[in-house]
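Below: the structure, in C-alpha cells.
Rule-based calculations on the coordinates, nothing more; no lab input. Because the structure is predicted, anything quoted here is derived from the model rather than measured. Backbone-built Cβ (ideal geometry, glycine too); neighbour counts: all protein chains shown.
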Amino acid sequence: MNLLEMLIGDPAAAAIGWTLLHSLWEGAIVAAVLGAMLLILRTARARYVVACAALLVQFAFFVLTLLRLAPETARSFPVRDGIVPVWNIVAENVSSGYWKPDLAAAAPWLAFLWIAGVLLMFGRYSVSCISVRRFRRRGVCCAPNAWQREVERLIARLGISQPVGLLESCLAEVPTVIGHFRPVILMPFGMLAGLSPAQIESILLHELAHIRRHDYLINTLQRCVEGLLFYHPAAWWISSVIRTEREHCCDDLAVSISGDPHEYARALAALEQNRFSPAVVAATGGSLVKRIHRLLYPSTSCAWAPVLAVTILVLTGAASVAGWPRPSQSNAVAKQPEAEQALGPYSNAYYKWLNEDVAYIIDQAERTAFLRLTNDEERDKFIEQFWERRNPTPGTPNKFKEEHYRRLAYANEHFASGVPGWKTDRGHIYILYGPPDELEVHPHRTEIWLYHHVKGIGDNSAITFVDSTGQGDFRLSPSPWPMRRQP
C-alpha cells in the first residue's frame with residue numbers, strides 16, 4: 001500500500017474530513033451573527049472587537065469539533081498477522097442500488113486536500129515574511145534627526161513603552177510598520193520631504209497607532225487562522241472586516257490626537273494607493289476613498305438596524321434547520337433497483353429475500369438466475385434449493401440457514417444507526433463472519449473485532465470500526481490487507 005492510501009485509511013483522516021464538513025455550517029452561523037452585529041454596532045473599535053471574536057470563535061469551533069471527532073488510539077491490542085479490509089468488504093453481488101458513495105467515503109480525501117492547502121498557504125506566507133525581512137535590511141537609511149525626535153514625542157504622547165525606529169526605504173511604496181518586538185516604521189524615500197509637516201505627523205500617528213494596538217502580532221495570528229481555514233468563504237470575509245475596521249480604529253486614534261480630521265484626510269489623499277505585503281500593516285490599508293469619506297462624513301446609527309439584524313439571524317437559523325440532511329424513506333421507494341421491477345409489483349417478499357436476506361451470501365450467477373424466473377412457483381423452488389446447497393448436512397434441519405437468520409436478526413437489533421442494522425458495516429461483517437472471538441471497545445469511538453480464524457482469510461484477522469461522527473455510526477477503518485468474501 002502506498003503512502004496516500006495509508007493516509008486516506010487513517011481514522012484521523014476521517015475525523016479531519018468530518019470536521020471540515022461540520023465547519024461549513026458552523027462558520028456560516030458565525031458569519032451570520034457577525035453580520036447582524038455589524039448592523040447594530042457603529043464604532044470601529046466595537047466592530048473590530050466582534051470581528052476578531054468571530055474569527056476566534058470559528059477557529060475554536062474547528063478545534064473543538066476536531067477534538068470531538070478525533071479517534072482514540074488503541075495501544076494495548078496485540079499485533080495481528082492479517083487485517084480485514086475496508087473498501088472491498090461490501091459483498092460483490094449486492095445490488096448497486098444499496099451501495100452509494102457518501103460523505104463518509106469522501107471525508108478522508110477532504111482531509112488530504114485540506115492538508116495540501118494548508119501547506120500551500122503557510123508556504124506562501126513564509127515567502128511573504130522573508131520578503132518583509134528584506135524590506136527592513138535592504139535599501140534603508142535613517143530618517144532625519146528632527147523626525148526621529150518627533151517620533152519619540154508622539155510615542156510618549158500615545159503611551160508606547162517600546163522604542164520605535166524610523167527609516168526611509170527605497171523599496172517601500174507606502175508607510176509601513178514591520179515587527180512587533182522591535183517595530184520599525186518604513187517611510188518611502190522622499191516622502192518626509194514631499195509632504196507638509198502636519199500631514200507627516202498624521203501618517204506617523206496612524207502607524208504608531210498600529211504599534212500601540214499590537215496590530216502586527218494580531219495580523220500574524222490572523223494570517224495563521226486564515227491558512228487553516230482557507231477553504232471557508234466566511235473566514236476570508238471575517239478577515240476582510242477585521243482589516244477594514246483595524247484601519248478605521250487607527251484613523252480614529254490618529255484624528256483624536258491630531259484633532260483635525262480634514263488635515264488627516266488630506267494626508268491620506270496624498271498617499272498613492274499601492275499594493276503591499278499582507279504580512280505588514282500600512283496607512284493605505286482598506287478602501288482609501290471610503291476611509292476619507294468616513295472621516296469627513298461620519299454616519300449615524302440606523303434605527304432599523306436591530307430589526308434587520310434579528311431578521312438575518314432568524315432567516316439563517318431557519319435555513320440551517322431546513323438544510324440539515326435527514327434520512328428520507330421516499331428515496332428508497334422512488335429509486336427502486338431494477339431487481340424489484342423484474343420481480344413484478346406483487347413480489348415484495350422475493351425482493352426482500354434477494355436484496356436483504358441473502359444480499360451478502362448470494363453469488364452473481366445465482367442472482368442472475370433468480371431474476372430470470374417468471375413465476376412464484378419457480379422462485380419458491382429456487383429458494384429451497386439455494387438453502388439446501390448450503391446445508392452442511394443435507395436432508396437434516398438446515399443449521400446454516402438458522403444461523404444466518406439469527407445473525408441477520410442480531411444485526412438489525414444491535415447495529416441499527418439511521419439505517420437497518422444489516423446495512424451497517426458492523427452488521428455486514430457480523431452476518432458474513434459471525435460474532436468476533438475477541439472484542440475491544442473504546443467508548444463512543446472505536447471497536448476492534450478479532451477473529452482467530454476466518455475461512456479463506458487466515459488467522460488473527462482484525463477489523464476496526466470507527467465512529468467518526470459520535471452518533472453511533474461505526475464505519476470500517478481502511479487497512480492494508482484485502483479481504484476475500486467467504487465462499
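Between Arg182 and Ala269, what's the calculated FRET efficiency when r is the beta-carbon distance and R0 is 30 Å? Round to 0.05.
That gives a FRET efficiency of 0.45.
Measure off 7 Å from each Cα along the Cα-to-Cβ vector at Ala198 and Glu152, then give the distance between these two points in nanometres to one decimal.
2.7
In nm, what is the difference between 0.36 nm times the number of residues separating Val49 and Asp376 and their Cα-Cα distance?
110.4 nm
Between segment 363-390 and segment 126-155, what is the C-alpha centre distance in whole Å?
86
Any idea how far apart Asn145 and Arg390 come out in nm if each label point goes 7 Å out from Cα toward Cβ?
The modelled label-to-label distance comes out at 9.9 nm.
What is the calculated FRET efficiency for His214 to His442, with r their C-beta to C-beta distance and R₀ = 45 Å, to the nearest 0.05?
About 0.55, to the nearest 0.05.
Checking the table Lys352/Lys401; Lys352/Lys381; Lys381/Lys455 against a 18 Å threshold on Cα-Cα, which pairs fail?
Lys381/Lys455
For each of His453, His442, His404, count neighbouring Cβ atoms within 10 Å of the residue's Cβ, then give the residues from fewest to most.
His453, His442, His404
Assuming R0 = 25 Å, can you tell me the calculated FRET efficiency for the pair Ser128 and Asp260, based on Cβ-Cβ distance, to the nearest 0.05?
Efficiency, from the Cβ-Cβ distance: 0.10.
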